[in-house]
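Visitor: The structure is given below, and queries will be raised subsequently.
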């Protein structure tokens, strides 16, 4: 074989070796990715099997087990943090090989490290927090953890430094602690598990929300039973049964309460009326009675808290516990033998919580501290019992009032005659006042009519007198034979007669308007299409004005709400209102157009709109508007802004009365120089 052929084979061999090496590397990466995905899938599966929020501990255990498969040899524990901003705390779910699964509640500010950690983890949804604890700080950290209720880790005593790595997610974080720093590769794996935990976190939140809703529904059901029992009370003696329902419902909520009760405090006497229920080996014992608030520090504290309307906590233990029960026994307040006192058991503690309400408090005892949930439930029941006690007081008051009513009945009969006499006198006075009001209104109306008619009548009288004199002059000229001068005088008489006719018609129009204003409509309301009515009177007003003044032009705009159903109105009367408003609008734009404003386009718009409970008819113009100082007068009879002889001032007044008779109102909106809008609001039935 020649040398070139051997060289070619060698080169081919090298290429094959590189290719095999590359494929082996790819296969290795594929196996690695498959291993990670398998672990992530296990975590997702555990998440989907969550049934309650404390199953987060199982997530921690799964995370711990799976991370160990990826050479996290220095792994100490895995953690899941869930923040509760309302109470400034977080739940710490933890799993380790030295303590297994655990859960603790930690306050944000209970340690400088936790405060800084929570602040940093809440900065953004994808935050990464790393911190190191070493030296003297490590021992302090260990003691703080133990004090907070976390299991002790003896390994911390043999190390110098502890490392924490967390990734944020939603309202919490997922992370680990290790005995030595982790590599970038391990950090990447942890982040991938964080991403997979997103599903677990959402599942956790769904489960927690479901638990909270179910729990709240259970609480609300108990509260509703208390409310129902309170509203069913018929006499004050029923209070004992209502209180028993409170105790029964609290017991159903499994708050680990062995005794609870209600005390109604007498501020002046510093005593309390008590109803209490105690669980014992022989069942449930209910007692009631009076109790001094000065026989023990616990009761003194309750009294002071009640004065401030603040909830009250107290812990009974040792001699103080014995003294409390001895004090109760001394005032003949019976308790089960097992709860009398616990002499010789100094380690026994009883925790007291009192939820205050205005008349007293709802109290309870537990053998362990009250969690926030139990306190909140007791507060809610105290609030609802306040309703019960209010009902109780109402019944007591009703009973006293019923008794008093019997005594008052005799006096009531005695007063009846005197009241009847007073009523007769009142009716007589009322009749006189009504008549006086009628006379006053008639006087105002008469004065208005006289004022409006007097002006055209003055013209009629003046031109009549002048015409009489001119006739005498004309007769004199005819006798003289000067027919030319007589003809001139006759022409003047003719002009005077035209003026007399003009002003006579003015007086006639005023009288007709007054009759129309005072006449009560005898029309019957019937279903009317408001849109058609408004459109009809818009066209009628426009063409009527054009017939008088051919040079007048204006832009007409309509916007009718087609969803308006027929409305029961007197269509003739409402049409009169619409016609009057549109006529006024045309007058306003016509007057503005006469001022010669450049590029002015007179516009009148009519629209309807359906609103909640009423419909609107809006008539608007772009005239000069109504001066602000006369806006409050425009609906007064005889008030007008038109020149003398062009308006009687009764149109808007009549319209106002018609709309008011329909149960509606007229509103006006005006901007000087920009225009005016009138809005008629009618009930939509």
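Visitor: Can you figure out the FRET efficiency of residue 205 with residue 34, using R₀ = 30 Å and their beta-carbon distance, to the nearest 0.05?
Guide: Numbers: r = 30 Å, r/R0 = 1.01.
Taking R0 as 30 Å, the efficiency between residue 205 and residue 34 is 0.50.
Visitor: Given 0.36 nm per residue, what is the gain on full extension from residue 8 to residue 484 after removing their alpha carbon distance, in nm?
Guide: Result: 156.7 nm gained on full extension.
Visitor: Right, here's the next one. What whole-number volume per residue, in cubic angstrom, does the convex hull of the C-alpha atoms of the stretch 88-156 give?
Guide: 104 Å³
Visitor: With only alpha-carbon pairs counted, each pair once and no self-pairs, how large is the Kirkwood hydrodynamic radius of the stretch 524-683 in angstroms?
Guide: Its Kirkwood hydrodynamic radius stands at 16.1 Å.
Visitor: Can you put 550, 483 in order, fewest other beta carbons within 10 Å first?
Guide: Listed from fewest to most nearby Cβ atoms, that is 550, 483.
Visitor: Now a separate question. 7 Å from Cα along Cα→Cβ at both residue 413 and residue 563: what's the point-to-point distance in nm?
Guide: 6.3 nm
Visitor: With the contact rule set at Cα under 8 Å and sequence spacing of 6 or more, what percent relative contact order holds for the stretch 218-274?
Guide: 25 percent
Visitor: Based on other C-beta atoms within 10 Å, arrange 605, 39 from fewest to most.
Guide: 605, 39
Visitor: Hey, another quick one. Can you work out the FRET efficiency for the pair residue 292 and residue 313, with r the C-beta to C-beta distance and R0 = 22 Å, to the nearest 0.05?
Guide: After rounding, the FRET efficiency stands at 0.55.
Visitor: Next up: Restricting everything to alpha-carbon atoms, can you work out Rg to Rh for the stretch 33-211 with a Kirkwood hydrodynamic radius?
Guide: When Rh is taken as the Kirkwood radius, the ratio is 0.93.
Visitor: What whole number of Å gives the distance from the Cα centroid of the stretch 370-396 to the Cα centroid of the stretch 573-628?
Guide: Their Cα centres are 61 Å away from one another.
Visitor: A follow-up question, please. Using a Förster distance of 45 angstrom, determine the FRET efficiency expected from the C-beta separation of residue 146 and residue 231, and round it to 0.05.
Guide: The computed FRET efficiency comes out at 0.30.
Visitor: Order by neighbour count: 257, 524, fewest other Cβ atoms within 10 Å first, most last.
Guide: So the residues, fewest neighbours to most, are 524, 257.
Visitor: Mean separation of Cα pairs under 8 Å and 6+ residues apart, divided by the residue count of the stretch 39-145: what relative contact order is that in percent?
Guide: Computed over the stretch 39-145, the figure is 16 percent.
Visitor: Normalized C-alpha radius of gyration of the stretch 51-92, against 2.2 N^0.38 Å? Numbers along the way, then the final one.
Guide: Numbers: Rg = 12.9 Å, N = 42, 2.2 N^0.38 = 9.1 Å.
Taking N as the residue count of the stretch 51-92, the ratio is 1.42.
Every number in this text was worked out from the coordinates using simple rules, so none of it is lab data. Everything quoted here is computed from the prediction, not taken from an experiment. All Cβ positions, even for glycine, are placed from backbone atoms using ideal geometry, and neighbour counts span all protein chains on display.
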